[in-house]
Protein chains: 2
Amino acid sequence: MTATDVVVVGGGLIGTATAWRLAQAGLDVTLVVGERSAAASRVAAGMLAAVTETTFTERTLLALNQASAQRWPSFSAEVVEASGRPSGLREGPTVSVASDPDDSARLRTFADYLDRQGLAAQRLTSRECRALEPLLAPTVRSGLLVPSDWSCDNRVLLEALTTAAQRAGVREVTGFVHRVESADGHVTGATLADGTTLPTRRVVLANGAWAAQVDGVPTVPVRPVKGQIVRLDPGRFPCPGLTVRAFSRGNEVYLVPREHGREVVIGATVEEQGFDHRVTAGGIYELLRDARQVIPMTAEYALAETSVGWRPNTPDNAPIFGGCALEGLSLATGHHRNGVLLTPVSADVAASYVLTGVLDDVAAPFTLGRFDRTSEPALEVAR
Amino acid sequence: MTATDVVVVGGGLIGTATAWRLAQAGLDVTLVVGERSAAASRVAAGMLAAVTETTFTERTLLALNQASAQRWPSFSAEVVEASGRPSGLREGPTVSVASDPDDSARLRTFADYLDRQGLAAQRLTSRECRALEPLLAPTVRSGLLVPSDWSCDNRVLLEALTTAAQRAGVREVTGFVHRVESADGHVTGATLADGTTLPTRRVVLANGAWAAQVDGVPTVPVRPVKGQIVRLDPGRFPCPGLTVRAFSRGNEVYLVPREHGREVVIGATVEEQGFDHRVTAGGIYELLRDARQVIPMTAEYALAETSVGWRPNTPDNAPIFGGCALEGLSLATGHHRNGVLLTPVSADVAASYVLTGVLDDVAAPFTLGRFDRTSEPALEVAR
């Protein structure tokens, strides 16, 4: 088999976008695609929640998320142009709501934090919440409107990116990379489950939660965090206009409507269950309960799909970019809850690293090397 | 097309069993099977609940239900013999449980009623309930054990009956009967949606909730009552041993375990929504909520299937047998919640009526004619 310039492992959003960028730069690219239906990229809800997803302890990650959020409009335009397909981007705001005094207090504290960080968010009364989103339950006490937190139909985006990558000349191979081959400390190929080896001098690991399953590479501290998620179809009933997030008595839930009004995604459980693939009665029960608590109308919607995905999490909840001890191997994984949001910046960073050997400044804090420091937490305290 | 002795309309349990009986008697039988996946016979949970399903106002129906319950052991043995397949019958008891004082009071009143009717049922304390079924929630206050209320895996039974019918020579035709043809007040054929007419002098309407959709026949007062139902897979978790019914704060729920332990059926919503086919978020939410209230372990089970069926209900909740103003047309529909239980007696009654023109005594109160009396309720007050 003739050598390819670079093998990108993983047919999700990050891998496909990276492969596209590399092919745009003139490289001969092979993209290894496993079971796409299992990719977090297909299961996710597609919130671009740089602001509403942030927490007090993750300021370094916030900067990366914001950098990616800023790239979204041009990235989307490029994807549309290159693929002739919609990108799935929906430039509507997100509202976070609270339904009891504890949740309201939490939301106020969070709003104060956003103020200190200079992040745009507007505090809303119950009345203002329901004026913006009439489907919200009357029990909603307060809210926080974040105009910059958009959403993207990640399935639409994945299709568009796949087309863009194909058009740019990316070669797709179906399979699972089980081993990265090397000689004298440098990558020589990628071997699939069926024994085929793809000869190459450069491999990008962009296979999400499966990054730790590949042999022949330094330890990648990525673990799967199971999430169950539900897709509802409003049918003849009205659909929310805004992306809605809520803490309902301590349970976090989000509802992401699609532009066409035929899908509302309700997510998601957070379960340390390894690669457990079971959609459970308990998980779905909790999602439906919390969703109807926030938007009672959801009880009338059709239950269109239940699915399970695995967030690729790391010890500090932040992704991993750049190289490692094995020359020729670079990483673009560990995106945890932010994979869709981080797709534009991740593809730029990962492709640029392959092309130049230099890690973009924006990604500098996110090397594998940060986990070598044993004396202190890698970035900040993980949530 | 050559005439067939009898056309049985409906490939559910009642229609298939009736066709089998008629073929056993030597008739040339054509069974018209529509969309079997939509048949209540496939969606149902399969409780044989002559006792626990009864209510104070339905003593006439109770006698029919009990007559069918008594036929189950021999019917099952015959099906197994004729098909070479399992019948799905599971001879385990049902326990009805109550979780709060109101439910307990209701269950006591019901137990008193069963005593007066001479029906066997054993009152249980909370401790006795949990000794019999350790998966029951500690919140269960009291129970009622009914040894005679068994269950049947209705999907297994439908397959066995289909095989038995085929072996007996029943000819299956796929389609929907839209019209019964007649001349001079006597049936001459059955016309399908595709325009094909099956010439025959005798038609049995056994198409459940769709009986009222057939043209050319007297009005059949059957209406669909939508039910949503869930199938869970316990996987590596323990499975209940008993069929469990509960009123949980006024909501009725039942959990029917299969013998093999890989399925627990949770049912069912009761909705006057016509032929609405939507599995709704609200319906599934309520079933999962009520199930975990009774058996918390169900939260860990995998959500294997959600489905919708339509019970063929009548104004007095009882089935319709025998003839009508159109000579050659007989009915075996309106089984509402009791279709699986009533399969043995219904097949006997319906086949016997076709063969002899006489309605068995057990079915005498259940003619279409009972709905002609406009001055008083047909049987007793419908619940």
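The values are calculated or read from the model by the stated rules, or taken from the named source; none is laboratory data. All values derive from a computational prediction rather than experimental measurement. Note that we place each Cβ from the backbone using ideal geometry, even for glycine, and neighbour counts take in every protein chain shown. Just the protein is used for accessible areas: all its heavy atoms, side chains included, with ligands, DNA and RNA removed. Shrake-Rupley method; radii C 1.70, N 1.55, O 1.52, S 1.80 Å.
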Within the range B:242-265, tally of residues that are of a type in the set (Val, Ile, Thr) and in contact (Cβ under 8 Å) with a residue 60 or more places away in the chain: 4
Scanning the range B:152-176 for residues that are in contact with a Leu (Cβ under 6 Å, 6 or more places away or on another chain) and in a strand (DSSP E or B) gives B:CYS152, B:GLU172
Give the range A:318-328 a look and list any residue that's of a type outside the set (Gly, Ala, Ser) and surrounded by fewer than 24 Cβ atoms within 10 Å (Cβ to Cβ), or say none. A:CYS324, A:LEU326, A:GLU327
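Would you pick out the residues in the range B:29-43 that are among the aliphatic types (A, V, I, L, M) and either at pLDDT below 95 or open to solvent by 30 Å² or more (accessible area, probe 1.4 Å) (or both)?
Taking the range B:29-43 first, the residues among the aliphatic types (A, V, I, L, M) are B:29, B:31-33, B:38-40, B:43.
Answer for the range B:29-43, where residues must be among the aliphatic types (A, V, I, L, M) and either at pLDDT below 95 or open to solvent by 30 Å² or more (accessible area, probe 1.4 Å) (or both): B:ALA38, B:ALA39, B:ALA40.
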Just one of the numbered conditions (1) more than 14 Å from chain B (Cβ to nearest Cβ); (2) open to solvent by 20 Å² or more (accessible area, probe 1.4 Å); (3) in a helix (DSSP H, G or I) is not true of A:PRO344; which one? (2)
Scan the range B:121-145 for residues that are without any contact (Cβ under 8 Å) to a residue 40 or more places away in the chain and either surrounded by 14 or more Cβ atoms within 10 Å (Cβ to Cβ) or in a helix (DSSP H, G or I) (or both) and jot them down. B:GLN122, B:ARG123, B:LEU124, B:SER126, B:ARG127, B:GLU128, B:CYS129, B:ARG130, B:ALA131
Scanning the range A:214-224 for residues that are surrounded by fewer than 22 Cβ atoms within 10 Å (Cβ to Cβ) and within 20 Å of the chain's Cα centre (by Cα) gives A:PRO221, A:ARG223
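Results for (1) touching a Leu at 6+ places or on another chain (Cβ under 8 Å); (2) assigned to a loop (DSSP other than H, G, I, E, B); (3) under 27 Å from A:ARG130 (Cβ atoms), shown as yes or no for each residue.
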{"site": "A:VAL51", "(1), (2), (3)": "yes, yes, yes"}
{"site": "A:THR60", "(1), (2), (3)": "yes, no, no"}
{"site": "A:ALA63", "(1), (2), (3)": "no, no, no"}
{"site": "A:PRO86", "(1), (2), (3)": "no, yes, no"}
{"site": "A:ARG108", "(1), (2), (3)": "no, no, yes"}
When you look at A:LEU161, is it at pLDDT below 95 and open to solvent by less than 60 Å² (accessible area, probe 1.4 Å), yes or no? no
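Give the residue, chosen from A:VAL253, A:VAL225, that is at pLDDT 95 or above, of a type in the set (Val, Ile, Thr) and in contact with a Leu (Cβ under 9 Å, 6 or more places away or on another chain).
Numbers: A:VAL225 fails: in contact with a Leu (Cβ under 9 Å, 6 or more places away or on another chain).
Of the residues listed, the single one that is at pLDDT 95 or above, of a type in the set (Val, Ile, Thr) and in contact with a Leu (Cβ under 9 Å, 6 or more places away or on another chain) is A:VAL253.
Return a yes/no flag: does the range B:192-213 have any residue that is among the β-branched types (Val, Ile, Thr) and either open to solvent by 10 Å² or more (accessible area, probe 1.4 Å) or in a helix (DSSP H, G or I) (or both). I'd like the intermediate steps shown before the answer.
Going through the range B:192-213, the residues among the β-branched types (Val, Ile, Thr) turn out to be B:196-197, B:200, B:203-204.
Pick out the ones that are also either open to solvent by 10 Å² or more (accessible area, probe 1.4 Å) or in a helix (DSSP H, G or I) (or both) and you get B:196-197.
Scanning the range B:192-213, I find at least one residue that is among the β-branched types (Val, Ile, Thr) and either open to solvent by 10 Å² or more (accessible area, probe 1.4 Å) or in a helix (DSSP H, G or I) (or both), so the answer is yes.
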I'd like to know if the range A:217-235 contains one or more residues that are more than 14 Å from chain B (Cβ to nearest Cβ), in a helix (DSSP H, G or I), under 22 Å from A:PHE176 (Cα atoms) and polar (S, T, N, Q). no
Tell me, please, whether a residue that is open to solvent by 40 Å² or more (accessible area, probe 1.4 Å) and under 30 Å from A:LEU22 (Cα atoms) can be found in the range A:102-117. no
Please report, ordered by residue number, the strands (runs of 3 or more DSSP E) entirely within the range B:246-338 with at least 3 residues that are more than 14 Å from chain A (Cβ to nearest Cβ). B:251-257, B:302-313, B:320-323, B:329-333
